[in-house]
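Read-outs throughout are calculated quantities, based only on the coordinates presented, and are distinct from any laboratory measurement. Quick caveat, the model's predicted, so the values are computed rather than measured. Here Cβ is always computed from backbone atoms with ideal geometry, including for glycine, and neighbour counts include all displayed protein chains.
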Amino acid sequence: MKILKKLFKWLVIPLGLIIALLYITDTDYLIKAVRTIYAKGHTTAYLEDYKEFDNQVIDNGTPQPWPNHIDYNSVKETEKLNKTNDALGTIAYVIIKNDSIWFENYYNGFDEDSKSNSFSMAKSYVSGLMGKAIMEGKIKSLDQPVSDYFSEFSEGLAAKMTVGDLSSMSSGTNWDEAYYSPLSITTRAYFDDNLEKVVLGLNVVDEPGQAFKYASGDTQMLAMVIEKATGKKLYDYLTESFWKPLGCENATLWQLDSEEHDLVKAYCCIASNAKDFARFGKLYKDYGKWNGKQLLDSAFVAKSITPRFKESPEYGYGWWLKKHIGKDFFMMRGHLGQYVIVQPEDNVIIVRLGHQKNPDALVGSWSEDISVYIEEAYKMLE
């Protein structure tokens with residue numbers, strides 16, 4: 001018994017000291033990180049981690065199911081696509097041609113209604129909500145200063161930062177986009193229970209609006225601006241602006257920092273499925289029009305899928321841009337290889353969701369798997 005008491009003492013005291021140190025150094029978010037991610041054998045966020053966090057429900061309205069193409073599932077995956085899907089843990093691969101489901105398949109125990117984490121594909125929705133707020137006159141324009149909403153950014157370089165800079169990833173803040181470092185601000189944002197405090201602590205260190213630098217904090221700050229401008233929670237604004245009007249077939253979830261603070265993780269973390277994610281790609285393909293109704297201004301959509309900076313042709317306003325096989329694609333793109341890829345001239349949308357992607361050298365650079373999903377889809381369509 002004495003041995004057990006000593007063992008208990010030597011385990012509990014160091015553990016208590018570690019926890020106390022985390023609180024003293026303001027890194028107590030790591031406790032949540034260990035509980036939700038690391039203790040489950042993961043080194044980063046994963047597809048079904050939404051089950052470990054607080055969420056808000058995004059209700060769907062009247063479902064508008066995608067029609068099946070006349071050639072629905074008449075062709076199988078190519079050998080190369082099959083190998084890539086197996087190697088990278090694809091859970092959904094869908095090809096939509098002329099607004100009809102041309103091909104769909106689901107893997108690893110997932111089906112057409114299974115929820116999985118969008119990760120940064122959510123950024124496209126947030127940028128779209130900014131466009132909606134501008135369309136409704138709640139935000140004046142892309143040039144409206146962020147300081148109109150948050151006085152914390154009213155001095156020096158920060159006073160020059162606009163809502164358009166946030167959408168186009170050119171805020172000039174000191175955000176560090178490091179997914180695998182437990183001490184990075186990106187990791188803190190994922191687990192901290194007060195995201196607003198994290199974002200308002202950012203410093204603007206470079207001239208805003210001058211260059212593209214991928215930063216999830218830009219989207220989070222943009223979400224906070226939209227909430228102030230509209231007087232609505234972002235999950236409610238998404239529900240009424242897009243989720244219901246687009247006829248999504250399933251209700252979805254958007255992760256929160258905490259029930260207490262009730263702020264969505266706007267830079268990530270909408271849990272839905274391939275065919276409902278694809279609807280937002282169709283909305284932009286059709287320049288903001290859905291069933292004859294203009295949900296987004298067409299000029300805003302056109303600007304969003306055009307590079308803002310000549311030196312960074314890969315990004316517009318909330319959308320990734322890629323030239324490949326002689327065609328121009330725009331896409332929603334998320335951590336671990338979540339993609340909604342759109343080619344408007346061919347009226348093609350490709351959706352891939354999965355556990356992994358090919359490794360890339362830098363955040364935001366193009367990984368090889370994207371090319372495979374595009375090339376093999378076009379081979380199947382021949």
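Just report the Cα centroid separation between the stretch 213-236 and the stretch 65-100, whole Å. Centre-to-centre (Cα) distance: 34 Å. Exposure proxy shown here: for 101, 350, the number of other Cβ atoms within 10 Å sets the order, fewest to most, as 101, 350.
Cβ distances below 4.7 Å define possible disulfide partners, and in the chain the cysteines left without one are 248.
Over 18 Å apart at the Cα level, from the set 51/357; 132/275; 97/285, are 51/357; 132/275.
Rounded, prolate or oblate, given the Cα gyration tensor of the stretch 178-260, with a/c below 1.5 counting as rounded? The shape class here is prolate.
Gain on full extension, evaluated as 0.36 nm per residue between residue 378 and residue 155 minus their Cα-Cα distance, stands at 75.2 nm.
With a threshold of 25 Å on the Cα-Cα distance, the over-threshold entries among 83/282; 310/379; 213/323 are 83/282; 310/379. Extension gain, residue 54 to residue 184: 0.36 nm times the residue separation minus the Cα-Cα distance gives 44.6 nm.
Applying a length cut-off of 27 Å (Cα extent along the axis) and a mean Kyte-Doolittle floor of 0.0 to the DSSP H helices of the chain leaves 2-24. Among 232-238, 128-134, sorting by the average number of other beta carbon atoms lying within 10 angstrom of each residue, highest first, gives 128-134, 232-238. Given R0 = 35 Å, the distance between the Cβ atoms of residue 40 and residue 140 translates into a calculated FRET efficiency of 0.20. The ratio of the alpha-carbon radius of gyration of the stretch 256-382 to the globular-protein estimate 2.2 N^0.38 Å is 1.12. For the stretch 146-176 versus the stretch 259-322, the inter-centroid distance based on Cα atoms is 21 Å.
Expressed per residue, the C-alpha convex hull volume of the stretch 49-381 stands at 127 Å³. With the dipole of the chain worked out from charges on the C-beta (+1 for Lys and Arg, -1 for Asp and Glu) around the Cα centre, which of 102, 126, 53 lies farthest toward the positive end? Of the listed residues, the answer is 53. Between residue 82 and residue 299, full extension at 0.36 nm per residue minus the direct alpha carbon distance yields a gain of 74.2 nm.
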